[in-house]
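Please treat every number below as a calculation from the coordinates, not as lab data. Please read these numbers as outputs of a predicted model, since none were measured by experiment. When we count neighbours, we look across all protein chains shown, and the Cβ atoms used for this are built from the backbone with ideal geometry, even at glycine.
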C-alpha cells in the first residue's frame with residue numbers, strides 16, 4: 001500500500017496524542033488561555049502540536065507541519081496538517097466530544113494521502129489513504145454501565 005509508513009506513523013502519533021488528551025481531560029492541570037480570536041488554547045493543544053513537530057522532524061525530516069498552534073517548514077511540498085484537539089472548546093469545558101486529527105497532504109493541490117482521526121474517549125481510530133479506502137478500529141470495547 002502506498003504511504004504505509006506514513007499511515008502507521010500517523011496512527012501511532014494519534015494514540016500518543018490521545019494519551020495526552022486523556023491526561024488533561026477534566027484535570028486540575030489543564031491550563032487554559034485564549035488566542036487573539038478569543039478561542040480557547042489549552043496546554044494539551046500546545047503539547048500535542050509540539051509532539052507532532054518533534055516526531056515529524058525525526059521520522060520525516062523532508063516533510064513540513066502545518067499546525068493549528070505552531071508549524072514547521074510549512075512551505076514544503078508534503079505537509080502534515082494537524083489539529084491537535086479538534087473541539088478545544090468542549091474539551092476545555094469537560095465535554096468528551098473532541099478528537100485528534102492529522103493528514104498528510106500535497107501543499108500545491110491539497111490532495112490528501114493519509115488521514116487519521118482518533119477519539120480518545122471511545123478509543124476509536126479512523127483512517128484513510130488515497131486510493132486505499134477508509135477504515136475504523138475500536139481498540140477496546142466500549143461498555144456502558146448503569147448503577148441504580
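Helix 4-24 axis versus longest C-alpha principal axis of the chain: approximately 30°, rounded to the nearest ten. For the chain, DSSP calls about 90 percent of its internal beta bridges antiparallel. According to the square roots a ≥ b ≥ c of the eigenvalues of the Cα gyration tensor, what is the shape class of the range 1-102, taking rounded for a/c under 1.5, prolate for a/b larger than b/c otherwise, and oblate for the remainder? Note, shape of the range 1-102 comes out prolate.
Each part reduced to its alpha carbon centroid, the range 101-117 and the range 1-43 end up 17 Å apart. Comparing 20, 53, 95 in a Gaussian network model of the chain where C-alpha atoms under 10 Å apart are linked, the largest mean-square fluctuation is found at 95.
The overall shape of the range 84-125, judged from the alpha-carbon gyration tensor, is oblate: a/c is not under 1.5, and a/b is no greater than b/c. Highest GNM mean-square fluctuation among 111, 47, 36, for the chain modelled with Cα contacts below 10 Å: 36. As a proxy for reagent exposure, ranking 106, 3 by other Cβ atoms within 10 Å from fewest up yields 106, 3. In this simple spin-label approximation, residue 50 and residue 15 carry label points 7 Å from Cα along the Cα→Cβ vector, and these lie 2.4 nm apart. Helix 43-59 and the longest principal axis of the Cα set of the chain meet at an angle near 30°.
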